[in-house]
1. Let me have the 222 nm mean residue ellipticity of chain A computed from DSSP H runs of 4+ only, each contributing -39500 (n - 2.57), with the sum over all residues rounded to the nearest 500.
2. For region A:341-428, what is the percent of antiparallel DSSP beta bridges, rounded to the nearest 5?
3. Please compute the alpha carbon radius of gyration of region A:52-204, then divide it by the globular-protein estimate 2.2 N^0.38 Å. Two decimals is fine.
4. Length gain on complete extension for the stretch A:D398 to A:D241, per 0.36 nm per residue less the alpha carbon to alpha carbon distance?
5. Give me the extension gain from A:K165 to A:L329: residue separation times 0.36 nm, minus the current Cα-Cα distance, reported in nm with one decimal.
6. Using 0.36 nm times the number of residues separating A:E77 and A:K224, minus their current alpha carbon distance, what extension gain do you get?
7. How much of the DSSP bridge set in chain A is antiparallel, in percent, rounded to the nearest 5?
8. What is the calculated FRET efficiency for A:D190 to A:V16, with r their C-beta to C-beta distance and R₀ = 56 Å, to the nearest 0.05?
Amino acid sequence: MQYGRPDGTFDIVPPVPCGRKEARSFVNDSACWLHVEGVFRSVCKAYGFAEIRTPIFEQTDLFHRAVGDGTDIVAKETYDLVTRGGDRLTLRPEGTAGAIRAYVSERLWIERPIAKLLYIGPNFRYERAQRGRYRQHHQAGVEVLGASMPSIDAEIIDLAVAFYKALGIVDLTVKVNSVGTKESRVAYVDALKAYAEPLLSEMSDDNKRRFEQNPLRMLDSKDKRDIALLENAPNLVDFLDDESAHHFEKVCSHLTALGIPFEVDHRLVRGFDYYTRTAFEIQCKVLGDKALGGGGRYNQLVEQLGGPATAGIGFGLGIERVLITMEELGLPRPGGNQLDAFICPMGDAARDTSVTIASQLRQAGLSIDVDYLGRRLKAMLEMADAGGAKYAIVIGDDEIASQTASVRELATQTQHTVALSELATFVGK
RNA sequence: GAGGGUGUAGCUCAUUCGGUUAGAGCGUCAGAUUGUGGCUCUGAAGGUAGUGGGUUCGAUCCCCAUCAUCCUCCCCA
């Protein structure tokens, strides 16, 4: 019996050896993941963020509270479980709720007035899998807790753009909007419904349903008739309270000052209920209308989850979508581990000796692999090459007798006889 | 949750209007070269044609089911 992967999951495995024609997709290549995660951490470090790690499951109620009961994600897309003890837990469907829960649990505001957190990890949503949409997907994100200045909103978007640029993804569209406060959103939804109601009979079935369930989503419809009918619909920004409107203006002017091209998208609404004021999304053509990442401000969430009134803003991105985008754009594949040397023992005596030699070189901090198959030298050299080794170290009876090794530099095909005692120095230089 | 496409070797794909023994390229392994790689040549291994059922003298091909996978919509990273 063989077992397949669960629906909507995938394996991340080592990259194929160098020099092979075929290569697996970036999403399945662990070297690609390490690269993206590494770049994310280093960009975040430049912006003063520190890493937080939280459980991949939380109490079910947390997500209902934070993300919103009415959202599809919580209403029907979570992985829920009941423990043997009767606790109701949910695999996290997004990153923010857990991070904020931890912020409150650990009382992080006591240590410093502003917390700048980054996280990387898996999220789970029970939905139909598609390219760029998985049941276990991975997000990297940041949260800033404790301040509400619009410059922070701009800085977060700047960080996001810097991250994509560091990976070589440059053809970005940054969309920003303000969803105001809960109160202004209620007023807007009323106005939107008043506008849409007389047109409803001409709209798609999906939009008729959205009209009842989630009116803001009507604006996202892909149906051409709906788009035309809603062209003159009222805009969210016109319903903003003065402070939110001012905040939004400042965010936009900061972005301009930072040289980040963006467009104001009055129709941008995000999937979670907790957003207030700034909402943004970053897209790349090759992903179509799927977002590369997005985020926004949530000035009530910390309080809602039992903490002190604390302003917050976050950004999250799907790592799979980043990898797909990099591959689509034809960006160079991030390299895997490169060996410093590959040891090619000839004969039993050399195989025994090479165990010790390999260990000594590794303790000297070098990356070393050895042939375990006892094949011909030609095959071993091919292995060395495939492993990306800089040197092949050939050891046979002659070398053992003279306490030396034949060290071949693979790129230049030059070879030196090196005393075993000098081997680490020679290979490491 | 709704609709559609595709399942043949590790990978990319042929083939057969239903007919004996299902092929190729790439990759793998071996040899030419008993200790010197990327090129070349020779050879080998690798398949219950996703699985189960049906129609048929005969099914990889036609039909049904099932599973897997991909795409679109819903929703969303």
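1. Values: 15 runs with 156 residues, N = 429.
So the calculated ellipticity at 222 nm is -11000 deg cm²/dmol.
2. Details: 10 of 18 bridges.
The antiparallel fraction comes to roughly 55 percent.
3. Values: Rg = 18.8 Å, N = 153, 2.2 N^0.38 = 14.9 Å.
Ratio of Cα Rg to 2.2 N^0.38 Å: 1.26.
4. Numbers: separation 157, 0.36 × 157 = 56.52 nm, distance 8.51 nm.
Result: 48.0 nm gained on full extension.
5. Values: separation 164, 0.36 × 164 = 59.04 nm, distance 1.27 nm.
Here the segment from A:K165 to A:L329 would lengthen by 57.8 nm.
6. Numbers: separation 147, 0.36 × 147 = 52.92 nm, distance 2.78 nm.
Full extension from A:E77 to A:K224 adds 50.1 nm.
7. Numbers: 52 of 65 bridges.
Roughly 80 percent of the beta bridges in chain A run antiparallel, per DSSP.
8. That gives a FRET efficiency of 0.45.
The values are calculated or read from the model by the stated rules, or taken from the named source; none is laboratory data. On a predicted model such as this, the values are computed, not experimentally measured, just so you know. Neighbour counts are summed over all protein chains in view; Cβ atoms, including those assigned to glycine, are modelled from backbone coordinates with ideal geometry. Heads up: the accessible areas ignore ligands, DNA and RNA and are worked out on the full protein's heavy atoms, side chains in. Shrake-Rupley method; radii C 1.70, N 1.55, O 1.52, S 1.80 Å.
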